[in-house]
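Take a look at the structure below.
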Amino acid sequence: AGTRYEAVRSLAGTADDPQVLDEMLPLAKNDVSGMVRREAVKLIAHFPTDPRTLPALINAVQDRGVDRAFADFEVRLEAVKALALFPTDRRTVAGLIKALQDSNATVRFAAVTALKNSSEPGIASMVKRVLTHPDPDVCRSAADLLLALDQYSPLFPPYSQDYLRALVNNFDSWAGFE
């Protein structure tokens, strides 16, 4: 993996060469090394106008490794950071909503940050579904996002600003953040 990783990293200076994208797409999806997949995702992000880029990044948000044995949250994190470069695409928002449910808090935080900067008008209605997730961390991420976007009670009255703040505050108290 170390040799493949170094080879991929060495291509960073040639990220404007379309052949690099051709080589990175299969690596981002299929390489057994999370380090290689992560670096491939970084390089793929250098091709924002290529129609293959956005689907590859959305796929990487759900990275579970080859045959689920080698999942790497850093691959998913890089994909989320890259998706933030596409704030007006509805597919990006859908991918970031999936990232809100990630098992890793760093990935969820990056998704919240990216969604805060999105100009997609339907974010709040998509985030609503995440508020009922069984993991309290995921619910908190969704509540934080809705509060930051200032989008809550007009779209779905049960989730008022007070309710969302209470959700965040109760989580903070329960988790010992206060």
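The values are calculated or read from the model by the stated rules, or taken from the named source; none is laboratory data. Owing to the predicted nature of the structure, the values given are computational and were not obtained by experimental measurement. Counting neighbours? That spans all protein chains shown, and the Cβs are built from the backbone with ideal geometry, glycine included. Please note that ligands, DNA and RNA were not included when accessible areas were found on the heavy atoms of the full protein model with its side chains. Shrake-Rupley method; radii C 1.70, N 1.55, O 1.52, S 1.80 Å.
Here's the picture: a label point sits 7 Å out from the Cα of F73 along the beta-carbon direction, and within region 95-130 the residues with their amide nitrogen under 17 Å of it are 98-114.
The peptide list 34-45, 131-142, 114-125, put in order of mean Cβ contacts within 10 Å with the highest first, becomes 34-45, 131-142, 114-125.
For region 1-132, the solvent-accessible area of protein heavy atoms averages 49 Å² per residue (probe radius 1.4 Å; ligands and nucleic acids excluded).
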